[in-house]
Amino acid sequence: MPHYFAPLAYLPTGWHSDVCIEVDPNGMIVATTANHSGENCQRLSGALVPGMPNLHSHAFQRAMAGLSEQRNHPHDSFWSWREQMYQVALTITPEQMYQIARYLYIELLEGGYTSVAEFHYLHHDPTGQPYAPVDEMVDAISRAATDAGIALTLLPTLYSYSDFASAPPSQMQRRFIQSTEQYLRQIERIKPLIAGRAQQRMGGCFHSLRACTAQQITQVLEELPNDWPIHLHISEQQQEVNRSLAVHGTTPLHWLSEHVELDARWCLIHATHLSEAERHYAACQQAVIGLCPSTEASLGDGIFNAVDYLAQGGRIGIGSDSHVCTDVSEELRWLEYTQRLTAQQRNCLASRAHPSTGERLLRATLQGGAQALAQPVGQINTGFRADWLMLDLDNPWLMQTPSTHLLDSWLFAHPKRAIKAVMVAGRWRVQSGEHDIKAQASQALTDALRSLRQALS
Ligand SMILES: [Zn+2]
């Protein structure tokens with residue numbers, strides 16, 4: 001069994017020096033010992049930090065990042081962006097999905113994410129027929145994760161309607177649309193595929209309260225294993241809240257709570273426009289709020305009141321969603337900075353127990369992310385998987401920083417190439433700042449993007 005010796009490691013109780021970490025052949029941590037002599041250990045030359053779980057990804061949207069930044073409507077918004085996104089969703093093939101997802105997952109690993117929850121609703125071929133008996137899209141995403149070496153929580157997503165009150169879907173949504181029965185059959189079809197791949201598991205998912213009825217949600221919950229996480233987009237846009245008020249006479253989460261009791265399995269994605277009472281309810285039920293600050297900024301969604309939510313003991317995690325940003329430090333910085341710009345204050349998400357903003361953000365999102373992915377990650381600790389990042393202590397900006405400020409310096413002063421190496425399940429995937437198959441994946445991605453963009457033009 002390999003024993004790693006790190007001069008500095010961030011353990012559950014904070015920074016420790018001279019840490020020996022024993023990892024078993026399955027990539028699980030079996031022991032950590034601080035103040036170790038280093039004898040018979042592989043010596044590492046950086047500071048170890050747990051790898052970040054990414055709780056919200058739509059891998060195919062990476063293919064359009066940067067292509068929606070020109071004004072095509074008098075009032076560009078989430079809804080006009082969505083039209084463009086549908087064009088990509090209608091066109092992409094399983095092979096293109098594999099290449100785009102594999103390269104994206106390589107970028108996520110280099111950016112500090114070691115596991116990802118894929119919120120997947122491209123269930124059908126471009127004519128609207130299911131991929132069966134082999135689900136080629138699921139297989140493409142799963143292989144991409146295996147080949148890049150990132151852990152995966154696959155979330156097949158139920159998507160049946162185009163709006164509240166069971167409004168019929170549009171032609172543009174034909175690759176997403178399933179009945180409850182089709183969804184449950186798909187889950188049974190892909191279960192063995194995911195179960196056969198290391199560091200992969202599944203969860204349940206509802207696209208949104210626009211796309212599913214309460215009856216569908218309760219029926220699916222009865223069928224799914226009760227240790228699966230459950231994800232849902234909610235209250236991302238004010239228009240969605242207004243529609244809910246018009247149709248149901250109440251706000252989305254309040255309406256959901258009348259049909260389903262939320263618990264720690266739930267991950268509410270965005271939740272931007274929750275009311276104060278809804279935030280209180282979500283915090284009490286120990287649900288994770290899945291924040292994607294760079295995408296929420298990109299789409300003009302609004303700002304979640306994270307100060308209030310954390311003060312109530314609420315749980316949060318981060319996701320890169322549309323992948324306009326694939327870097328942990330940038331995502332966390334966006335999270336804190338949106339709160340500062342709103343409150344006109346500094347260090348908004350720090351607390352009395354954790355006065356370092358970087359440390360508080362990291363601890364909260366590691367814990368919330370691990371809960372949302374239902375994977376044994378988020379800590380360098382016995383019983384957790386050996387998923388970690390090695391910060392480069394040869395970087396002069398970090399070398400001269402005391403450990404009390406190291407996380408803040410990494411996350412807020414953003415030294416270039418601060419992450420020197422990344423391990424997932426006991427295997428190094430990034431070394432010297434670069435993923436081991438990046439060059440090969442880059443050529444294949446170029447070919448895939450060329451064919452996708454030709455098909456789109
Ligand atoms: Zn999303």
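Can you pull out the trypsin sites (Lys or Arg not before Pro) in region 336-398 whose DSSP state is coil and whose Cβ has at most 14 other Cβ atoms within 10 Å?
Passing sites in region 336-398 are 346, 352.
Treating the beta-carbon of each Lys and Arg as +1 and of each Asp and Glu as -1, no other charges, what is the dipole magnitude of region 46-194 about its Cα centre, to the nearest 20 debye? Present the calculation step by step, with values, prior to reporting the outcome.
Working: 10 positive and 15 negative charges, 25 e Å.
Once rounded to the nearest 20, the dipole reads 120 debye.
Rounded to a whole number, what is D in µm²/s for region 194-282 from Stokes-Einstein with the Kirkwood radius over alpha-carbon pairs (25 °C, 0.890 mPa s)?
Details: Rh = 13.9 Å.
Translational diffusion coefficient: 177 µm²/s.
Which cross-chain or sequence-distant (5 or more) residues have an amide H under 5 Å from the amide H of residue 116, H modelled 1.01 Å from N in plane?
Hits under the 5 Å cutoff: 54, 151, 152, 153.
Of all accessible surface on region 168-324 at a 1.4 Å probe, what whole percent is carbon and sulfur? Write down the numbers at each step before the final one.
Details: 2760 of 5820 Å².
Roughly 47 percent of what the probe reaches on region 168-324 is carbon or sulfur.
Which net charge results when you count Lys and Arg as +1 and Asp and Glu as -1 among the other residues whose beta-carbon is under 12 Å from that of residue 319?
-4
HN-Hα J couplings of region 147-155 from phi, Karplus 6.51/-1.76/1.60, θ = phi - 60°, integer Hz, Gly and Pro as x?
Listing the rounded values in order: 5, 6, x, 9, 6, 10, 10, 7, 10 Hz.
Using only protein heavy atoms and a 1.4 Å probe, report how much of residue 432 is accessible, in Å² to the nearest 10.
Here the residue's solvent-accessible area equals roughly 100 Å².
Any chance you could give the angle, 0 to 90 degrees and rounded to 10, that helix 328-343 forms with the longest Cα principal axis of the chain?
70 degrees
Kindly sort 447, 308 by accessible area of their heavy atoms, largest first, with the probe set to 1.4 Å. Can you show the working numbers first?
Values: 447 70, 308 40 Å².
Descending order: 447, 308.
Mind checking the per residue accessible area of region 52-373 for me, 1.4 Å probe, whole number of Å²? List each step's numbers first, then the result.
On the way: 11590 Å² over 322 residues.
With all protein chains present, region 52-373 gives 36 Å² per residue.
Roughly how tilted is helix 94-110, in degrees to the nearest 10 and between 0 and 90, from the longest Cα axis of the chain?
So the helix axis and the longest Cα principal axis differ by about 30 degrees.
Convert each backbone phi in region 358-366 into a coupling constant with the Karplus relation 6.51 cos²θ - 1.76 cosθ + 1.60 (shift: θ = phi - 60°), then list the ³J(HN,Hα) values in order as whole Hz, x for Gly and Pro.
These are the phi-based 3J(HN,Hα) values: x, 5, 4, 4, 5, 4, 5, 7, 5 Hz.
Would you check the accessible area of residue 325, probe 1.4 Å, heavy atoms only, in square angstrom rounded to 10?
Residue 325 has an accessible surface of roughly 0 Å² with all protein chains in place.
From the protein chains alone at 1.4 Å, what is the descending order of accessible area for 410, 397, 428, largest first? Please report the intermediate quantities before stating the final value.
Working: 410 10, 397 195, 428 50 Å².
Accessible-area ranking of 410, 397, 428, largest first: 397, 428, 410.
Which lysines does residue 438 reach when only Cα atoms under 21 Å apart count, and residues fewer than 8 places away in its own chain are ignored?
Straight-line reach from residue 438, under 21 Å: 416, 420.
Using only Cα atoms, find the angle between the long axis of helix 238-248 and the longest principal axis of the chain, and express it within 0 to 90 degrees, rounded to the nearest 10.
The angle comes out at about 50 degrees.
When the helix-only estimate is applied to the chain (DSSP H runs of n ≥ 4, each -39,500 (n - 2.57), divided by the residue count), what is the mean residue ellipticity at 222 nm, nearest 500 deg cm²/dmol? Present the calculation step by step, with values, prior to reporting the outcome.
Values: 15 runs with 174 residues, N = 457.
My calculation for the chain gives -11500 deg cm²/dmol from helical runs alone.
log10 I(q)/I(0), Debye, Cα-only the chain, no solvent, q = 0.06, 0.11, 0.12 Å⁻¹?
-0.24, -0.85, -1.02
Between residue 24 and residue 179, what FRET efficiency comes out of the Förster formula 1/(1 + (r/R0)^6) with R0 = 45 Å and r the beta carbon distance, rounded to 0.05? Spell out each step's value before the answer.
Details: r = 44 Å, r/R0 = 0.97.
Computed FRET efficiency for residue 179 and residue 24: 0.55.
Let me have the relative contact order for the chain, percent, based on Cα pairs under 8 Å that are six or more residues apart. Mind showing how you got there, number by number?
Details: 952 pairs, mean separation 94.1, N = 457.
Relative CO of the chain lands at 21 percent.
Report ³J(HN,Hα) in whole Hz for each residue of region 116-127, in order, from the Karplus equation J = 6.51 cos²θ - 1.76 cosθ + 1.60 where θ = phi - 60°; Gly and Pro get x.
Listing the rounded values in order: 9, 9, 9, 8, 10, 10, 8, 7, 10, 6, x, 8 Hz.
The values are calculated or read from the model by the stated rules, or taken from the named source; none is laboratory data. The structure presented is a predicted model; accordingly, all values stated were derived computationally and were not measured. Glycine gets a Cβ as well: all are built from the backbone with ideal geometry, and neighbour counts include every protein chain shown. Remember, those area values only see protein heavy atoms, side chains included, never the ligands or the DNA or RNA. Shrake-Rupley method; radii C 1.70, N 1.55, O 1.52, S 1.80 Å.
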